Every structure is written in structure tokens, then in C-alpha cells.
Amino acid sequence: MRFTRQQYIDLMTFQKPQKQMFSELFGPMKQLEPEWRAQGATPGEMDMTDFCWDYVPTVSCGGVCGAFGGPKEVIVEENEEFTISIDTLGRRMKLCKAAATIPLPMDYPVTDMDSWLKIKPLFQYRPDRVDQQKVMHAKQLQADGALVTANIPGGFDLPRELMGEANLCIAFYEDPELIADILNTAGETAYRVLDAVSDVVTIDLLHVHEDMAGKSGPLIGPVQVREFIAPYYQKIWNLLSNKGTRLFSQDSDGDMSPVIDAFLDAGINIMYPAEPCGGMDIVALRQKYGTRLAFKGGINKHVLRGTKEEIKKELTYKMQPLMQQGGTVFGLDHRIPNGTPLENYKYYVQLGRELLGREPIEKDEKGWARMAF
């Protein structure tokens with residue numbers, strides 16, 4: 001079912017929802033596709049549309065806040081197993097074709113302040129970061145029910161992409177001036193870009209990608225969040241929330257529990273994908289935070305490779321009445337894992353719809369769109 005922007009905003013701000021939202025946030029892992037074909041999946045099941053997933057149409061606001069104006073990516077080596085390219089930041093990137101869709105860095109451009117200053121212009125403000133035609137296009141689509149989104153670089157993710165995780169974590173202690181300058185630059189650019197855009201069209205949702213945690217917890221603690229990242233977030237959120245933006249969504253895998261309070265204080269009000277294997281229990285977190293924090297995802301993807309009884313136990317718990325009072329987009333906590341039987345996935349979809357009081361698939365409209373924002 002297609003939700004309108006207002007329906008989605010109402011849902012995620014805990015207004016009484018007319019319908020629960022049940023979505024596939026990311027889609028299947030790459031190696032799952034041949035498995036499902038061998039099990040007789042239809043073309044509509046392969047592209048997710050036969051499952052009639054809920055979604056809200058989105059459109060970018062028309063402003064670019066991240067790296068901008070650098071050289072185009074160049075492929076330097078390619079074979080059947082992998083592709084190696086040089087990206088706009090000058091990093092060598094390797095994509096393993098059999099198992100991945102996202103390339104990983106083989107090196108990083110920033111080691112100190114001097115090396116940062118060489119690529120700093122890629123992150124500074126320039127007027128052509130705002131595409132006025134795209135801004136007007138976003139305004140037109142918003143009138144037709146699309147959700148207007150804006151993306152800012154992650155307060156952890158950006159310096160991590162420039163330095164690598166290990167060097168970044170050390171730099172928070174040994175070179176705080178470098179981290180501060182990176183985030184001050186990103187913050188000033190995002191502020192000026194989104195200030196101009198939001199004078200023309202209301203940005204409905206501000207999004208930030210971090211991916212800063214694993215099963216053992218986040219790679220930095222609340223002290224670093226409050227000192228370095230919160231001022232960056234707050235600078236932009238204060239601007240946009242005063243201009244009508246209601247939603248501030250953060251994407252991070254792993255156990256974010258130790259830093260949730262710090263991020264809530266910085267403006268975040270949606271977190272996803274809320275991985276149970278990382279210790280994120282959306283029911284327990286809802287009991288703790290109430291309407292301060294909405295979620296997308298939160299259903300353990302790994303139960304789909306188990307029994308139907310295990311699937312039912314997981315859905316009955318996650319889709320309980322407490323979680324149906326708004327503030328939840330029900331869905332898996334990341335991509336559908338390899339080894340998931342198609343029959344189990346169909347059972348998951350049918351049971352979830354039943355628990356949420358939704359129409360059977362046969363009576364609903366076909367459709368799907370990634371909800372990665």
C-alpha cells in the first residue's frame with residue numbers, strides 16, 4: 001500500500017495510525033536471488049512487488065550536503081571476481097561481485113590535518129550544491145503526497161570514510177581538532193544548503209547514515225557523541241525543525257543502546273534497522289523511551305531461516321498492541337538473509353499482515369520501494 005507523506009509523518013510522530021505499516025526495508029541479499037529462483041519464485045516475488053509491501057514515495061530535496069565536485073569514479077581493474085576503482089575521494093575501492101553490492105575502501109585519504117585540508121574543498125559550500133530545478137520538482141511531488149528527504153553526512157560515518165575506523169577512534173582522543181574541523185565544515189555546508197532549500201520546500205525528513213556499532217556496542221560512547229556529533233546534528237536540526245521538519249532518522253546497525261540518549265538529545269527521533277542480534281529490542285526500547293523514539297525494522301531476520309513456530313513467536317512479540325500505537329514501521333532488521341526459504345518468507349508476510357489487521361495480499365495493491373531513509 002502506498003502511504004502519503006502525511007500518513008507517514010502521522011505514523012512516525014505517534015498520531016493514531018489508521019493502518020499499520022509493514023515494509024521490506026532493504027530487500028534480499030545478493031546470493032538469495034538464485035536460491036529463490038530455484039524454489040520457483042515469480043518475477044513479482046523476486047522484485048518484491050507481489051508481497052504488496054507498504055511504502056511511502058520519496059523525493060530528494062534537491063540539495064547536496066556531502067562530497068561534491070570531485071573527480072568521477074574510475075575503474076582501474078576488473079575481472080570476474082572483483083572490481084577495483086578510484087572514487088571521488090581518491091580511495092581505492094574493491095567490490096567483490098559474488099557476495100556484495102557495496103565496495104569497501106582499501107585505503108583512506110586523511111591521516112592528519114594537512115591531508116584533510118587537501119580534500120576539504122570537496123565538503124565546503126558552493127552555490128551549485130542546490131539544484132533549483134530539483135528543489136521545485138520536490139515541491140511538486142510533495143503536493144502529490146511524496147515525502148521530501150534530505151541527507152547529511154554522518155557525524156561518525158564521514159570521518160570514518162575519510163580515515164578508517166581505527167584511525168578515527170584514535171583521533172577522537174589524539175587529534176580532536178581534526179575531527180572538529182571535519183564536522184564543522186560538514187555542518188556549515190549542510191546548514192547553508194538546507195537553509196536555501198527549506199526556504200522553498202518543507203523538508204519532511206532529515207536522514208543521517210552512521211553504521212557505527214556492532215554486537216558489542218558502538219565504536220564511540222556518549223561522551224564523544226555529545227562533544228563532537230551532537231553540535232553538528234543540532235545545528236542542522238534546529239534550523240529545519242523551526243521550518244517544519246518533523247522527522248530526523250538515523251541508520252545504524254548493531255547495539256546503539258549506550259548512545260541512544262545522547263542522540264535523542266541531539267534531535268534524532270527515528271532509529272533503524274534495530275538489529276535484535278545486536279541487542280536492540282524495539283519492545284523494550286519502546287517501554288523505555290515511549291513516544292520519544294520511533295523505529296523501522298526490528299524483526300529478527302534470522303528467524304526466517306528457522307521454523308514457522310519461531311517466526312510466529314517473533315512476530316507475535318514484535319507486533320504486540322504496544323507497538324501498534326504508532327511510531328513503528330514493522331520490517332526485518334536488514335536484508336533478507338541467504339538461506340531463507342521462500343515458503344518461510346511467504347508465511348512471514350501473511351502472518352504479519354494478519355497480526356496487523358491488514359487485508360490478505362490478494363486484496364491489496366502490488367508495490368515495493370526501499371525504505372532506506
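The values are calculated or read from the model by the stated rules, or taken from the named source; none is laboratory data. Predicted model, so just to flag it, every value in this text is computed and none were measured. Cβ: placed from backbone, ideal geometry, glycine included. Neighbour counts: every protein chain shown.
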ask   = On the given criteria, is L168 assigned to a helix (DSSP H, G or I), surrounded by fewer than 24 Cβ atoms within 10 Å (Cβ to Cβ) and in the same structural domain as R226 (by TED's automatic domain parsing)?
value = no
query = With (1) surrounded by fewer than 19 Cβ atoms within 10 Å (Cβ to Cβ); (2) in the same structural domain as A186 (by TED's automatic domain parsing); (3) not in a loop (DSSP other than H, G, I, E, B) as the list, and P159 as the residue in question, which single condition is left unmet?
reply = (1)
ask   = Wholly within the stretch 1-113, which helices (runs of 4 or more DSSP H) include no fewer than the required count, namely at least 2 residues that are of a type outside the set (S, T, N, Q) and buried (at least 18 other Cβ atoms within 10 Å of the Cβ)?
value = 5-12, 32-38
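Matching residues to (1) among the aromatic types (F, W, Y); (2) crowded, with 24+ Cβ neighbours inside 10 Å; (3) not in a helix (DSSP H, G or I):
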position: I182; (1), (2), (3): no, yes, no
position: V193; (1), (2), (3): no, yes, no
position: H207; (1), (2), (3): no, no, yes
position: V223; (1), (2), (3): no, no, no
position: P231; (1), (2), (3): no, no, no
position: K243; (1), (2), (3): no, no, yes
request  = Could you run through the stretch 326-371 and say how many residues are more than 16 Å from G44 (Cα to Cα), at pLDDT below 95 and hydrophobic (A, V, I, L, M, F, W, C)?
outcome  = 1
key: Long-range neighbours under 7 Å by Cβ, at least six apart or interchain, first residue in the same structural domain as G187 (by TED's automatic domain parsing) within the stretch 222-245, second among the polar types (S, T, N, Q) and surrounded by 21 or more Cβ atoms within 10 Å (Cβ to Cβ)   = L240/S198; K243/S198
query = Being of a type in the set (F, W, Y), under 30 Å from D364 (Cα atoms) and within 24 Å of the chain's Cα centre (by Cα), is that true of even one residue in the stretch 54-70?
reply = yes
The listed residue being touching a helix residue (DSSP H, G or I) at 6+ places or on another chain (Cβ under 6 Å), surrounded by 20 or more Cβ atoms within 10 Å (Cβ to Cβ), assigned by TED's automatic domain parsing to the domain that holds L194 and of a type outside the set (S, T, Y), out of P218, P273 = P218
message = Given the condition of a type in the set (A, V, I, L, M, F, W, C), more than 25 Å from K16 (Cβ to Cβ), outside the structural domain of A38 (by TED's automatic domain parsing) and surrounded by fewer than 22 Cβ atoms within 10 Å (Cβ to Cβ), answer yes or no: does some residue in the stretch 333-344 qualify?
response = no
request  = Within the stretch 113-129, identify whether any single residue is over 29 Å from A230 (Cβ atoms) and of a type outside the set (F, W, Y), and answer yes or no.
outcome  = yes
